[in-house]
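Participant: Handing you this structure, nothing more for now.
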Amino acid sequence: MARPALKREVVDYIVSHYDLNMRRACRLMKQSRSVQYYRSVKDPKQALRRRMRDIAKTRVRYGYRRIHVLLKREGWQLGKNQAYRLYSEKQLQLRS
């Protein structure tokens, strides 16, 4: 078991089934507790960003408001402020 993700699952199993605390289970598996508590910082809105970029490239004159309307019609769950934030931070990349 070399992968940290697999060790994380094993530690969770040990904690839930053998009623050990997290500290002891991590020591048993020779894994640091910081690895156990780590949560990924991967962007969960990657597909939404990609779709916004596609719309902005095909419809060059559309701003964030119109893109927001089109995304809502497609079934995306986002608000105007989120659409503005995603559009404005990627605006230079959208237009290139």
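Participant: Go through the stretch 15-28 residue by residue and turn each phi into a ³J(HN,Hα) via Karplus (6.51, -1.76, 1.60, θ = phi - 60°); whole Hz please, and just put x for glycine and proline.
Facilitator: 5, 6, 8, 9, 6, 8, 7, 4, 4, 5, 5, 5, 5, 4
Participant: Arg65 to Glu9: extension gain in nm, 0.36 nm per residue of separation minus the Cα-Cα distance?
Facilitator: Taking Arg65 through Glu9 to full extension adds about 15.9 nm, to one decimal.
Participant: Can you pull out the chymotrypsin sites (Phe, Trp or Tyr not before Pro) in the stretch 1-77 whose DSSP state is coil and whose Cβ has at most 13 other Cβ atoms within 10 Å?
Facilitator: Listed in order of number, the matching sites are Tyr38.
Participant: Order by neighbour count: Lys57, Lys7, fewest other Cβ atoms within 10 Å first, most last.
Facilitator: Taking fewest neighbouring Cβ atoms as first place, the list is Lys57, Lys7.
Participant: For the residues Arg8, Arg24, Arg39, what sequence is obtained by ranking on other C-beta atoms within 10 Å, fewest first?
Facilitator: Arg39, Arg24, Arg8
Participant: Report the full-extension gain for the segment Tyr37 to Glu74: residue separation times 0.36 nm, less the Cα-Cα distance, to one decimal in nm. If you can, show how the numbers build up before the last one.
Facilitator: Details: separation 37, 0.36 × 37 = 13.32 nm, distance 3.61 nm.
Here the answer is 9.7 nm.
Participant: Let me ask you something else. Pairs on different chains or at least eight residues apart, Cα atoms closer than 16 Å: how many lysine pairs in the chain fit?
Facilitator: So the count works out to 7.
Participant: Per-residue HN-Hα couplings for the stretch 50-65, Karplus 6.51 cos²θ - 1.76 cosθ + 1.60 at θ = phi - 60°, whole Hz, x for Gly and Pro?
Facilitator: Once rounded to whole Hz, the list reads 4, 5, 4, 5, 4, 5, 5, 6, 7, 10, 5, 7, 7, x, 5, 5.
Coordinate-derived values only; no laboratory data. Since the model is a prediction, treat every value here as computed from it, not as a measurement. Counting neighbours? That spans all protein chains shown, and the Cβs are built from the backbone with ideal geometry, glycine included.
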